[in-house]
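Working notes, structure below.
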Amino acid sequence: MTGPLGALDIAALAFFLAGWVFHALGAEGHIVTRMSLTRAMNAQRAAWMATMARREVRIVDTSIMNGLQQGTAFFASSSLIAVGGCFALLGASDRVLAILSDVPLAGATARPLFEIKVIGLIVILAYSFFKFGWAYRLFNYCSILIGAVPQLSPGSEPNAAIDVAVMRATRMNQLAGKHFNAGLRGVFFSIGYLGWFVDARVFFVTTVVLLAVLIRRQFFSEARKAVLVQDFGPGNGSSIRPDSQ
């Protein structure tokens, strides 16, 4: 390695970032028409908020929000710990390079290139931490907005004030979910990024494998089918068509 970044390293990194952007846009429905699991769950978030507005006792809703916040806090803490581990990795560069030199398919890696790779991993994990931190705060705001939804009088129907309050809570819930998913996506892609520590060619392979797994989960998984299923009755396993959403 004569320089910090070779042509193959730059190509592999560009492919990695392009795959990340492509998956994020696809999951949000910006570049594909097929219903993704993320979009299907956003519809369920809206259904949840509409159902919540009709409940007199909303203990179940606050319990769900607590669960969402706890999961978000766990990932935020894990990302921060991982960032600290990466800084420790920088301090042990010589030992790590000695280990990597014994890994099959791994070429000789100069210390400046290794440090660039570690800094890139720190950036990814820090990005995930901030996404999780913001999602945690948005879930907290959503809890407040749920509490602000007026209660229905017995036998009455939702009015304009309730509809607006439900819309606010729904939008905040969906935004929190969006940022949580972005943070989780960063964690997933950090796993694919580890292939670069072996070799740029391995980086290409780990990125392709990661994209295949994530695309399958978003667009072809059993979880997606479970959300879109129309009727669980005997002999009926049909799904709602994407164009009906």
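A few remarks follow.
- Given (1) closer than 22 Å to Ile81 by Cα; (2) not in a helix (DSSP H, G or I), number of the condition Phe188 does not satisfy: (2)
- Qualifying position, being open to solvent by less than 80 Å² (accessible area, probe 1.4 Å) and either assigned to a loop (DSSP other than H, G, I, E, B) or farther than 21 Å from Ser221 by Cβ (or both), among Ala24, Ala18, Ala40, Ala47: Ala18
- Checked against the criterion of being among the charged types (D, E, K, R), closer than 30 Å to Ser143 by Cα, surrounded by 12 or more Cβ atoms within 10 Å (Cβ to Cβ) and without any contact (Cβ under 8 Å) to a residue 40 or more places away in the chain, region 57-68 has no qualifying residue.
- For the residues Leu125, Leu138, the requirement of being under 25 Å from Gly192 (Cα atoms), open to solvent by less than 80 Å² (accessible area, probe 1.4 Å) and modelled with pLDDT of 95 or more singles out Leu125.
- Every residue from region 177-210 that is aliphatic (A, V, I, L, M) and closer than 29 Å to Arg111 by Cα: Val187, Ile191, Leu194, Val198, Ala200, Val202, Val205, Val208, Val209, Leu210
- Pairs where the first residue, in region 208-224, is open to solvent by less than 80 Å² (accessible area, probe 1.4 Å) and the second is among the polar types (S, T, N, Q) and part of a helix (DSSP H, G or I), C-beta under 8 Å, 6+ apart: Gln218/Thr38; Arg224/Gln218
- Qualifying residue in region 191-198 (condition: modelled with pLDDT of 95 or more and surrounded by fewer than 19 Cβ atoms within 10 Å (Cβ to Cβ)): yes
- Hey, Pro112 at pLDDT below 90, part of a helix (DSSP H, G or I), out of contact with any strand residue (DSSP E or B) (no Cβ under 7 Å at 6 or more places or on another chain) and open to solvent by 60 Å² or more (accessible area, probe 1.4 Å) or not: yes
- Count - residues of region 69-93 that are free of Cβ contacts under 8 Å to residues at least 12 places away in the same chain and farther than 22 Å from Tyr136 by Cα: 4
- Selection within region 141-168: residues that are part of a loop (DSSP other than H, G, I, E, B) and hydrophobic (A, V, I, L, M, F, W, C). The member of this set that is most open to solvent (accessible area, probe 1.4 Å) is Ala148.
The values are calculated or read from the model by the stated rules, or taken from the named source; none is laboratory data. Model, not experiment: these values are computed from the prediction. Because the Cβ atoms are built from the backbone with ideal geometry, glycine has one as well, and the counts that use them run over all protein chains shown. Heavy atoms of the whole protein, side chains included, go into the accessibility calculation; ligands, DNA and RNA do not. Shrake-Rupley method; radii C 1.70, N 1.55, O 1.52, S 1.80 Å.
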